[in-house]
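Bear in mind that the values in this text are calculations on the coordinates, not laboratory data. Treat the numbers as computed from the prediction; the structure is a model and nothing was measured. In this analysis, Cβ positions are derived from the backbone assuming ideal geometry, glycine residues included, and neighbour counts consider all displayed protein chains.
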C-alpha cells in the first residue's frame, strides 16, 4: 500500500528524518511509534504531501506519490481544529468536497455518518457550541467521509473520553475490515499496541526497528514466565530457571521466573509439577514500550 | 482549480452572509447621506444661537447702516460703556461693540464679549463695517457705487484640453482634483480594510488548527489564493452595492430634502436672485454650465475601469503580503512588527498624494510613485483624472501586475511554512529562512 524509501527531511540545521524506510501492506493496521519530537509528524506531513522530502521517495500503491493520491488518503492531524463559526453540516460538505466528492455525494455521506454517530441534531450547530469530545467526533467523520484507502490518525485517542474512544476504535476497526489501511501515529505506545499488526519505531529522526508486532515481540522474548501456585513456600531452586521475584497472594504465591540455558518451558513445567500445585503459567511478553526503551538504551 | 473555486466560494459566502457585512453595506451610504443631508440642512436653516450686539457708535456713521441677520442682532447701547461692560458679565451671547469716532481713519474697533466671540461673529461685523466704510468713502469722493460695480471686470477661464483624437475637451482642474482625491482615499481605505481581513482570516485558520486539515486536501498556495480572491470579491461586491445604494439614496434623499424645506430653500434662492444683478446671475449660470460641461467631459467608464484595475492590482499585491504576515504570527497583536513595512509605503504615498501629487501631478515624484508597484495604486489614481499618457499608464499597469506576481510568489513561500508553525515567535531572520526552504 505504502512504501517509504530513504526519506530525509531537514529544517535549517535540524534533521527531522534521517533515511527512514519501511513499508505498509494493504489492509493492515500500522503503528508509527516514537517519542515526541522523533519525526512522526514530519513523516506524516510528507505522506500527506503537505511538505516534501529532501531525499527519498514514497510509493502509494506502487506509484510514486502524487497529487491524485490526495483524495485517497484521510488525515486526522494531531492539532485538531475546524472552522468555529461555520455550521457543522455545511463544514462537513465543504471538507468532503475539498477531498474530491461531488456536492450530492458529500451530502448523502454526511447524512449517513451523522446518523451512524448519533450527531443528526448537530447539523445546524456551530463547532464552538460543541464540547471537545463532540468536536473530535465531527473531526473523525470529516477524516473518513471520502472513504479513503489509507487513513492516517495522529494521536487518535487524545482528547476523547473513554466512551468515545470505544466508539471511534470500533469505527476504525470496521473501516479496516472494509479494506482501509490504517496508520496510527502516537507516542503513547501502549494505547495502540493491541490494535496494530505491524509497527515502525522511530527515535531521534531514525528508524530503530520495524516489522510485524508478533515477530518483534518474539525476537525480544525475555523467556520470563509468571507462575502461580498454592502455598507460601518459595520455589525450589533449579538449574533450569532463576526466580526473579515472588509475592504472596490470597490464594498462594505468584513468582516470576527466567528460564535459563535454552531450556524449554515444558521442561520447567515437568520439573515444577512434581513439587507444587500449579494454578497458572503465563509467558510475560515484552510490551512495545519495553522493547523501545531497551533499544534506545542499547543504542547509546 | 475546482478546489480553489470551492475555497473562494466559502470565503466569499461566509463573509457576505455575515450580519456585519450587511450592516456596513447599508450603513455606509446612509452615513454619507446623513453627512450630506446634515451639511445641507445646516447651511439652509442656520438655526444657530442669536448673538445680540450692543453698539456704542461714537462716529455715528456705522450703527444706522448695520444690517441684522437671523443670527446677529444690533442694538444701540442705552448705557455708558462702563455700565454696559458690567452688564455683559451676567449675560449670554451678548457683545459690546465700541466704534471710535475716528473709525474712518483708524479702521479699528473693539468687541467685548461675555464669552469669547466666535470667528463667525467677528467676521460678520468686520465685513459689514468694512463695506460701510468703503461706501462712505466712495460717497465722500463723489463716486457712484452702481457705476463702479458695473465696471468691475468678471473674468473667467474655460479650460480646454486637446485630447489625442484632436478634440477639445472641457476640463476642470477642481473636478479632476476632487475625483482624484476621492478615488485615492477609497483605494487607500479599502487596501487596508480588505488586506487586514485576509490577514485575520489566515490567523483564524492557524489558530483554529483547521489549516492542517485543509492543506492535506489542497496546496497551501490554493488556500492562500482562494482566500485572497474570495475576500477580493467581497470587496468588489461591497463597492458595487455602495455605488448602487448611494445613488439610490442620494436621489431619494434629495427629493425628500427639497420637499421638506421648500420654504427656506425657495426664500433663500429668491432673496439671492433678487439681490443679484443680471450680470451676477449670468455668471452663476455660466459657472453651473462650466461644471456640467466638465462633468460631461469626465470619462467615467474609463475612470471606473482604472479604479477597479488599481484596486484589484493593489489589493492582490498587498493582501499577499498581509497573508504572509498572518501566517507568521499566532495572534493579531504579534503582527504589529511585520505590519510596519507593509503599511509604510501606503501611508507615505497617501500623504504624498495629498501634498505633492495634488499640486504637481505630472512631476518626477508623481511619475516615479505611479510606476513603483507598491505605491502606484494610490499615486496613479490621483493622476488619472488630470490625464496620463497612454504609455505611462500601460507601463504602470504592467509593473503592477509584475509586482503582485512577485509578492504573491514571495508570500506563498513564507505562507506554506508559516501556517504550520505554532507557538513560535517569528523574526525577520526566520521569515527569510522559511522563504529559502525547498518544499
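Quick notes
- Within the protein assembly as shown, the percentage of alpha carbon pairs spaced more than 46 angstrom apart rounds to 51%.
- Rh by Kirkwood over Cα pairs, then Stokes-Einstein D for the stretch A:241-288 at 1.306 mPa s and 10 °C, µm²/s: 132
- Counted over the stretch B:303-439 with a bin width of 5 Å, the fraction of Cα pairs per bin, in whole percents, is 2, 11, 19, 19, 16, 12, 10, 8, 4, 1, 0.
- Restricted to Cα atoms, the stretch A:15-89 shows a radius of gyration and a Dmax of 14.5, 43 angstrom.
- Considering only beta bridges that DSSP places wholly inside the stretch B:51-146, some 30 percent are antiparallel.
- Based on the Stokes-Einstein relation at 20 °C and a viscosity of 1.002 mPa s, and on the Kirkwood radius from alpha carbon pairs, chain A is assigned a translational diffusion coefficient of 97 µm²/s.
- In nm, spacing of pseudo-spin labels at residue B:86 and residue A:118 (7 Å Cα→C-beta vector): 9.4
- Packing rank of A:129-136, B:387-394, where each peptide gets the mean count of other beta carbons within 10 Å, highest leading: A:129-136, B:387-394
- For A:43-50, mean number of other protein chain Cβ atoms within 10 Å: 3
- Peptide A:74-83 has a mean of 6 when you count, residue by residue, the C-beta atoms of other protein chains within 10 Å of its C-beta.
- For residue A:104 and residue B:19, the FRET efficiency from 1/(1 + (r/R0)^6), where r spans their Cβ atoms and R0 equals 25 Å, is about 0.25.
- Exposure proxy order (Cβ contacts within 10 Å, fewest to most) of B:342, B:256, B:365: B:256, B:365, B:342
- Distance between the stretch A:82-144 and the stretch B:115-140 - C-alpha centres, whole angstrom: 78
- Full-extension gain in nm, residue B:120 to residue B:106, via 0.36 nm per residue minus C-alpha separation: 2.8 nm
- Relative contact order of the stretch A:241-295, pairs being alpha-carbon contacts under 8 Å that are 6 or more residues apart, as %: 23
- Once C-alpha pairs closer than 8 Å and six or more residues apart are averaged by separation and normalised to the residue number of the stretch B:51-146, the relative contact order reads 29 percent.
- Translational D in µm²/s for the stretch A:1-136 (Stokes-Einstein at 20 °C, 1.002 mPa s, Kirkwood Rh from C-alpha pairs): 124
- Burial order of peptide ranges B:222-232, A:70-80, A:9-19 (average beta-carbon count within 10 Å, highest first): B:222-232, A:70-80, A:9-19
- Available extension along the chain between residue B:141 and residue B:433 is 96.5 nm, counting 0.36 nm per residue and deducting the alpha carbon span.
- For the peptide B:202-215, the mean number of other protein chain Cβ atoms found within 10 angstrom of a residue's Cβ is 6.
- Alpha carbon Rg of the stretch B:51-146, scaled by the compact-globule rule 2.2 N^0.38 Å: 1.11
- Ordering B:29-39, B:8-18, B:139-149 by mean Cβ neighbour count within 10 Å, with the highest value first, yields B:8-18, B:29-39, B:139-149.
- Using a Förster distance of 22 Å, the FRET efficiency for residue B:337-residue B:372 (Cβ separation, nearest 0.05): 0.40
- Quotient of the Cα radius of gyration of the stretch A:49-113 and 2.2 N^0.38 Å, N being its number of residues: 1.38.
- Value at 222 nm in deg cm²/dmol, rounded to 500, when DSSP H runs of n ≥ 4 in the protein assembly as shown each add -39,500 (n - 2.57): -17500 deg cm²/dmol
- Exposure proxy order (Cβ contacts within 10 Å, fewest to most) of A:223, B:108: B:108, A:223
- Between the beta carbons of residue A:256 and residue A:178, assuming R0 = 45 Å, the FRET efficiency works out to 0.60 to the nearest 0.05.
- Note on residue A:206 and residue A:36: the model spin-label points, each 7 Å out from Cα along the C-beta direction, lie 2.4 nm apart.
- Percent RCO, i.e. relative contact order, over chain A, from Cα pairs under 8 Å lying at least 6 residues apart: 21
- Going from the residue with the fewest nearby Cβ atoms within 10 Å to the one with the most, A:212, B:413, B:383 rank A:212, B:413, B:383.
- Reference-scaled alpha-carbon Rg (2.2 N^0.38 Å with N residues) for the stretch A:93-200: 1.09
- If the chain linking residue A:79 and residue A:269 were pulled fully straight, counting 0.36 nm for each residue of separation and taking away their Cα-Cα distance, it would gain 63.3 nm.
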